[in-house]
Amino acid sequence: MTELVIQAQTLSRDFADVKAVQGLDLAVEKGCIYGFLGPNGSGKTTAIRMLTGLLRPSAGEVRVLGLKLPQAADELRLRIGYMTQKFSLYDDLTVKENLRFIASVYALSPRAQKARIDELLDLYHLEAQQQRLAGRLSGGQRQRLSLCAAVMHKPQLLFLDEPTSAVDPQNRRDFWEQLFDLSAQGTSILVSTHYMDEAERCHRLAILEYGIKRADGTPEELMRNLGAQVVEIASSDPRRLKQRLLGLPQVVSAAQLGSRLRVLVDAAISDPVAYLSHQSALAADDALTVVRPSLEDVFVVSTGARSQ
Amino acid sequence: MIALQRIGAVLSKELIQLRRDRMTFGMIVMIPLIQLLLFGYAINTNIRHIPVGVLDYSHSGLSRVLIQTVEATQVVKFTQRFSALEAAEAAIANAEVRAVLIIPADVSQRLARHPTVGLGSPPASDELTARPVAQWLADGADTLVAAAIRSLRGMPLTELLDKPANRTTPTFEVTLLYNPEQRTAVHIVPGLVAVILTMTMIMFTSAAIVRERERGNMEMLITTPVRPVELMLGKIVPYIFIGAVQVAIILGLGHVLFQVPINGGLLQLAAATFLFITASLSLGLVISTLAKNQLQSMQMTVFVLLPSILLSGFMFPYEGMPVAAQSIAEALPATHFMRLIRGVVLRDVELVQMMPDVSWLALFTLAGLTLASLRFKKRLD
Ligand SMILES: Nc1ncnc2c1ncn2[C@@H]1O[C@H](COP(=O)(O)OP(=O)(O)OP(=O)(O)O)[C@@H](O)[C@H]1O
Ligand SMILES: [Mg+2]
């Protein structure tokens, strides 16, 4: 059996009347990129803060890198890296000054500091900005700087909280290449996101909603085990069709994509195309195709059920 | 174990931030400079040229000479002349004048019989000779003005009549040590060091931790292995130097502009200042761990600053305060430092002779640093 870098049982955290995280069970394997996928307020940040020892759980057990939290939080700090959701380095320090501060705080020797900082500036394409104040960087540069700081001491486990929220698609792709490089070098990564394409790149992921884990597994497993079938209907009046279909108990959801309608039909229906074409709502020339489920469909099925 | 490298990291980061913060950087020099000029020139307990009026019922040559003699003391300056008592009282009420000299119609007779003039054949117990020459009506609400006018009560009148001085032997002889010319600045300037250091040191550090929180750096900072004590030490060390610069500005300029002597040894001065700076800084850190935002930290700074100005002995002598105020004063680092710095600068006292104050400041620093470190939790909840 492979080594687990994160183990959590029934992890919960309440803030006054808000249950930010409820009964979260987690098992993250070494070397894996694990994703937290969830809408705003679903408890991603709160869960990460508990896993990094910054917040004490209201209930539950956590072991990270074999260390029991919150007792061993100080020891854990030397072995993990954490990139916060909000930029948390110093705006009034330059890129290089920020990195030097981080390197000294992690007690890198002056010699090692210089080498490591140069290496990181080169790796994350920040040499040109090294004398620039962090507060004046673009969103993408700032995010790369945060990543530099988080990996400065070569942590075994990296926590990234919505690292790409202010980044354009090209930079996002590059960023993920860098994550795969880190992963290939043996770093385990836990990353939160609300982008489907990013979630799909993870080795495994958990879908969170209202602080509850709705589903977890590899993206393929999740899509394979989707409790619904996906049919796309090309229609002349998709808006009206959507309203009518949503009234059917067997239709889990219907979403408009331009002139098409993406309909999720309960898995209990053996032939969804036949089922749908018999509905009076459909016009004769509406074309129906069964398509491969996407992660978004998984997200809709696993979160939609209880919110409707 | 405390790692010097991590303290150094925090320290150099603070220095860089301080250098980029023009406002704060300017304050370091401007606060002592401006306060010194304000206090040095404005605060003066030797009152001179109080505007007063005169109500002369006698209209004699003698009353004119009397007025000139009184004005020659430089305590008062006659700016108005009244013909009725009501007008005089109204002028005091409106603060046009602070006092009025009422010269009675029979001023010549009164003066002739006045004992200090020395014509006195009649015995001193005589009803007539016991009468004063004239009357002062003063605004008694301002105790300093009242005291100045009162000091005129026994002024000699011999020169008024070109008589040789009829000197009386004083009951006590008074020798004024350390400040024989009685210049207020000599007393104020060393005390100003305590007030300004209290203000700037507490103000700068009280924002230190709060600022990390407000600017969103806290989550990163507590994820790093930096320990609370290291953070606290790294944050106060730069300000020790800044405090030293401010002391040099105040005492140096005080020496040049107001001739305030520096009688004690510089080493004694440095040691006393160091003790007080660290005490103020650690108090600032404690405030910083208590306050939720920079506004609160400012309010708490003022809360400490006011009693430090009023009760530390800067404005009023400690001995004259009620016991309750004295015990509050005893708790304030400024009170102890006020004694130390006045002792060292004016009276050349050695710190070993003032151990109670020295140890209070040292203990205060230790307690403050410990409390701030304990209160600083490396967690978000
Ligand atoms: N310190 C706090 N005090 C009170 N409530 C909090 C606190 N932190 C989080 N919450 C609440 O807990 C819930 C989960 O918040 P959390 O920040 O973990 O969500 P998230 O998934 O990270 O959201 P986002 O995508 O917007 O970052 C929210 O309802 C939030 O209001
Ligand atoms: Mg979040």
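The values are calculated or read from the model by the stated rules, or taken from the named source; none is laboratory data. Note that the structure is predicted; figures quoted are calculated from it, not measured. Counting neighbours? That spans all protein chains shown, and the Cβs are built from the backbone with ideal geometry, glycine included. Surface areas here come from the heavy atoms of the whole protein model, side chains and all, with no ligands, DNA or RNA. Shrake-Rupley method; radii C 1.70, N 1.55, O 1.52, S 1.80 Å.
Structure notes:
- Whichever residue in the range A:46-61 is among the charged types (D, E, K, R) and over 11 Å from A:PHE159 (Cα atoms) and, among such residues, is farthest from ligand 1 (Cβ to nearest atom): A:GLU61
- Matching residues in the range A:149-188 - criterion: being more than 16 Å from ligand 1 (Cβ to nearest atom), open to solvent by less than 70 Å² (accessible area, probe 1.4 Å) and not in a helix (DSSP H, G or I): A:MET152, A:HIS153, A:PRO155, A:LEU157, A:LEU158, A:GLY186, A:THR187, A:SER188
- Condition check for B:PHE276: more than 30 Å from B:GLY216 (Cβ to Cβ), open to solvent by 10 Å² or more (accessible area, probe 1.4 Å) and among the aromatic types (Phe, Trp, Tyr): no
- Some residue of the range A:91-99 being within 16 Å of ligand 1 (Cβ to nearest atom) and within 13 Å of chain B (Cβ to nearest Cβ): no
- Scanning the range A:66-90 for residues that are in a loop (DSSP other than H, G, I, E, B), out of contact with any Ser or Thr (no Cβ under 7 Å at 6 or more places or on another chain) and more than 7 Å from chain B (Cβ to nearest Cβ) turns up A:GLY66, A:PRO70, A:GLN71, A:ALA72, A:ARG79.
Conditions tested, residue by residue: (1) aliphatic (A, V, I, L, M); (2) farther than 25 Å from B:GLN182 by Cα; (3) in contact with a Leu (Cβ under 7 Å, 6 or more places away or on another chain).
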{"site": "B:ALA42", "(1), (2), (3)": "yes, no, no"}
{"site": "B:LEU55", "(1), (2), (3)": "yes, yes, yes"}
{"site": "B:SER63", "(1), (2), (3)": "no, yes, no"}
{"site": "B:GLN74", "(1), (2), (3)": "no, no, no"}
{"site": "B:PHE82", "(1), (2), (3)": "no, yes, yes"}
{"site": "B:ALA87", "(1), (2), (3)": "yes, yes, no"}
{"site": "B:ALA90", "(1), (2), (3)": "yes, yes, no"}
{"site": "B:GLU96", "(1), (2), (3)": "no, yes, no"}
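- Those residues of the range A:89-111 which are closer than 16 Å to B:ILE222 by Cα, open to solvent by 10 Å² or more (accessible area, probe 1.4 Å) and in contact with a Gly (Cβ under 9 Å, 6 or more places away or on another chain), in sequence order: A:SER104
- Boolean, A:LEU55 is at pLDDT below 95, crowded, with 20+ Cβ neighbours inside 10 Å and touching a helix residue (DSSP H, G or I) at 6+ places or on another chain (Cβ under 6 Å): yes
- Residue check, A:THR45 crowded, with 24+ Cβ neighbours inside 10 Å, within 15 Å of ligand 2 (Cβ to nearest atom) and within 14 Å of another protein chain (Cβ to nearest Cβ): no
- With respect to the conditions (1) open to solvent by 80 Å² or more (accessible area, probe 1.4 Å); (2) out of contact with any Leu (no Cβ under 8 Å at 6 or more places or on another chain), B:ALA3 falls short on a single one, namely (1).
- For the criterion of being modelled with pLDDT of 90 or more and touching a Gly at 6+ places or on another chain (Cβ under 6 Å), B:VAL286 passes.
- Among (1) under 32 Å from the mean Cα position of the chain (by Cα); (2) more than 28 Å from A:LEU208 (Cβ to Cβ) - the single one A:ARG240 does not satisfy: (1)
- Any hit, the range B:162-181, residues being more than 14 Å from chain A (Cβ to nearest Cβ) and not in a loop (DSSP other than H, G, I, E, B): no
- Considering B:LEU380, B:LEU363, the condition of being within 14 Å of another protein chain (Cβ to nearest Cβ) and more than 24 Å from B:GLY254 (Cα to Cα) is satisfied by B:LEU380 alone.
- Restricting the range A:19-42 to residues that are of a type in the set (Gly, Ala, Ser), more than 15 Å from the chain's Cα centre (by Cα) and away from ligand 1 (no atom under 11 Å from the Cβ), the residue that is nearest to the other protein chains (Cβ to nearest Cβ) is A:GLY23.
- Matching residues in the range B:196-215 - criterion: being within 13 Å of chain A (Cβ to nearest Cβ) and open to solvent by less than 20 Å² (accessible area, probe 1.4 Å): B:GLU212
- Checking every residue in the range B:40-49 against the condition of being within 14 Å of chain A (Cβ to nearest Cβ) and touching a residue at least 60 places away in the same chain (Cβ under 8 Å) gives zero matches.
- Of the residues A:ALA107, A:ALA115, the single one that is farther than 18 Å from A:LEU158 by Cα and within 8 Å of another protein chain (Cβ to nearest Cβ) is A:ALA107.
- Helices (runs of 4 or more DSSP H) fully within the range B:74-161 that include at least 2 residues being more than 19 Å from B:SER63 (Cα to Cα) and either modelled with pLDDT of 85 or more or among the small types (Gly, Ala, Ser) (or both): B:85-93, B:143-150.
- Scanning the range B:15-74 for residues that are acidic (Asp, Glu) and more than 30 Å from B:PRO104 (Cα to Cα) yields one hit, B:ASP21.
- The residues of the range B:15-59 that are loosely packed, with under 15 Cβ neighbours inside 10 Å and within 30 Å of B:GLU86 (Cβ to Cβ), listed by number, are B:ARG48, B:HIS49, B:HIS59.
- Residue within the range B:237-247 that is farther than 30 Å from B:GLN17 by Cβ and surrounded by 13 or more Cβ atoms within 10 Å (Cβ to Cβ) present: no
- Wholly enclosed helices (runs of 4 or more DSSP H) of the range B:297-381 bearing at least 3 residues crowded, with 19+ Cβ neighbours inside 10 Å: B:333-347, B:355-375
- Residues satisfying the criterion are absent from the range A:49-56 (criterion: more than 8 Å from chain B (Cβ to nearest Cβ), away from ligand 2 (no atom under 16 Å from the Cβ) and touching a Leu at 6+ places or on another chain (Cβ under 8 Å)).
- Search result, residues across the range A:62-89 that are within 16 Å of ligand 1 (Cβ to nearest atom) and closer than 30 Å to B:GLN17 by Cβ: A:TYR82, A:MET83, A:THR84, A:GLN85, A:LYS86, A:PHE87, A:SER88
- Members of the range B:86-110 that are of a type in the set (A, V, I, L, M) and open to solvent by less than 60 Å² (accessible area, probe 1.4 Å): B:ALA87, B:ALA88, B:ALA90, B:ALA91, B:ILE92, B:VAL97, B:ALA99, B:VAL100, B:LEU101, B:ILE102, B:ILE103, B:VAL107
- Taking every residue in the range B:1-26 that is more than 7 Å from chain A (Cβ to nearest Cβ) and pairing it with any residue that is in a loop (DSSP other than H, G, I, E, B), at least 6 positions away or on another chain, the pairs with Cβ-Cβ distances below 8 Å are B:ILE2/B:ARG227; B:VAL10/B:VAL226; B:ASP21/A:ASP92.
- Within the range B:216-251, the set of residues being within 21 Å of B:LEU290 (Cα to Cα) and more than 14 Å from chain A (Cβ to nearest Cβ) comprises B:MET232, B:ILE236, B:VAL237, B:TYR239.
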